[in-house]
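Trainee: If you scroll down you'll find the structure; I have some questions about it.
Only the coordinates and a few stated rules stand behind these numbers; no lab work does. Not measured: the values here are computed from a predicted model. Virtual Cβ from ideal backbone geometry, glycine too; neighbours counted across all protein chains shown.
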């Protein structure tokens with residue numbers, strides 16, 4: 001472990017658990033249902049009056065942040081679920097998933 005690694009891990013955990021922009025449903029990123037994850041993030045983003053960008057961008061940013069911070073510690077199956085949740089988010093917001 002490099003210098004500051006413990007602090008960094010704690011920082012990212014805090015952001016995920018207590019985002020200033022979104023009130024994330026506890027445990028939502030552990031769900032095995034991409035649709036449930038997307039709908040929860042959409043609800044959180046639309047209900048937030050603290051976000052600085054569109055609800056879609058806020059929800060997608062939080063999902064991407066979680067995937068990136070989990071890195072190699074994220075099981076392949078859970079990574080697939082979370083990546084599929086991105087497509088569900090795009091659909092829920094009326095955006096076209098990439099071809």
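Trainee: Please give the length that would be gained between residue 35 and residue 68 if that part of the chain were fully extended, namely 0.36 nm times their separation in residues minus their C-alpha to C-alpha distance (nm, one decimal).
Mentor: 9.9 nm
Trainee: Stretched out fully, how many nm does the piece from residue 77 to residue 95 gain, at 0.36 nm a residue minus the Cα gap?
Mentor: Value of the extension gain: 4.0 nm.
Trainee: By per-residue mean of other Cβ atoms within 10 Å, what is the highest-first order of 82-90, 45-53?
Mentor: Sorting 82-90, 45-53 by mean packing, highest first, produces 82-90, 45-53.
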